[in-house]
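Notes follow once the structure below has been shown.
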Amino acid sequence: MKLFYDFHIHSCLSPCGDEDSTPNNIVNMALLKGLNAIALSDHNTGKNCPAAMAVGKKNGLVVLPAMELTTCEDIHILCLFEKYEDLQKLENHIQDTRLKIRNRPEVFGRQLIMNENDEVTGEEETLLIVSSGVSVDEAAALVKGFGGIPVPAHIDKQANGIVGILGAFDYGLGFDIVECAGDAGVNLPKITDSDAHYLWDISEAEHFIEAETCSAHGVFEALKKLAGGGKA
Ligand SMILES: [Zn+2]
Ligand SMILES: [Zn+2]
């Protein structure tokens with residue numbers, strides 16, 4: 001079946017994400033747009049994923065747990081998972097390597113952790129958008145080791161894109177799939193996402209993936225198949 005997706009959406013936990021981008025608002029907007037599957041991908045954390053996944057489950061939207069990892073070169077890597085426990089392992093790993101700079105909410109924005117009722121249950125105090133200690137050389141193997149799919153994010157953009165920062169796409173880094181809007185001249189399967197920081201920027205039902213079932217497992221298997229060049 002065709003499942004319309006947007007696998008790169010920020011919530012109010014990202015300092016640059018709008019405070020209206022709560023778990024419920026994101027799920028409801030995705031449903032209004034006609035999407036079947038999304039991933040919640042905040043900068044260097046997955047702490048709002050459990051709430052978004054629970055709201056998705058109640059409302060018939062697949063929500064994959066994810067994060068947008070910042071490498072030490074300031075390259076953004078979208079890390080998609082099927083299970084939140086696996087994403088947590090990645091978060092625990094990078095937690096210790098991330099620079100601990102105190103967030104200044106008045107400058108960067110608040111970093112709100114919410115439950116499935118959109119109630120604030122915590123606030124991340126260290127700034128999430130700083131680089132982790134993970135280098136782009138080790139990122140793909142690290143994410144795959146935890147059971148995730150690493151996807152160099154917005155590779156057609158200069159800022160924080162792998163091509164803009166390294167000067168060219170290095171096929172030896174172990175990535176099997178990329179994220180871009182147009183043709184970035186990279187010979188790998190691609191996905192196209194919104195990178196929405198505001199609710200209204202979430203994708204329309206435009207890009208789809210062929211999956212066996214409309215479930216987190218079905219979508220994740222479809223992504224693995226796509227990343228494997230069509231091989232199961
Ligand atoms: Zn990014
Ligand atoms: Zn992003």
Practice task
Output the relative contact order of the chain, whole-number percent, from Cα pairs under 8 angstrom with separation of 6+ residues.
Solution key: 26
Problem - Selected from Tyr171, Tyr198, Tyr84 as most flexible by GNM, with the chain as the system and alpha-carbon contacts under 10 Å - result: Tyr171
Exercise for the section: Would you give the gap between the C-alpha center of the stretch 162-193 and the C-alpha center of the stretch 118-151, rounded to a whole Å? Expected result: 19
Completion exercise
For the stretch 3-20, Karplus-derived ³J(HN,Hα) couplings (6.51, -1.76, 1.60; θ = phi - 60°; whole Hz; x for glycine and proline) come out as 10, 7, 9, 8, 9, 9, 9, 9, 10, 5, 7, 6, x, 8, x, 5, 5, 6
Exercise for the section: Could you sort out which of Lys144/Lys225; Lys83/Lys144; Lys57/Lys157; Lys33/Lys58; Lys2/Lys83 sit more than 24 Å apart by Cα distance in this structure? Expected result: Lys57/Lys157
Practice task
Rank-order 58-65, 120-127 by packing density, defined as the average count of other C-beta atoms within 10 Å over each peptide's residues, highest first.
Solution key: 58-65, 120-127
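Values quoted throughout were computed directly from the atomic coordinates according to the rules given, and no laboratory measurement underlies them. This is a predicted model, so every value here is computed, not measured. FYI the Cβ positions are ideal-geometry reconstructions off the backbone, even for glycines, and counts take in every protein chain you see.
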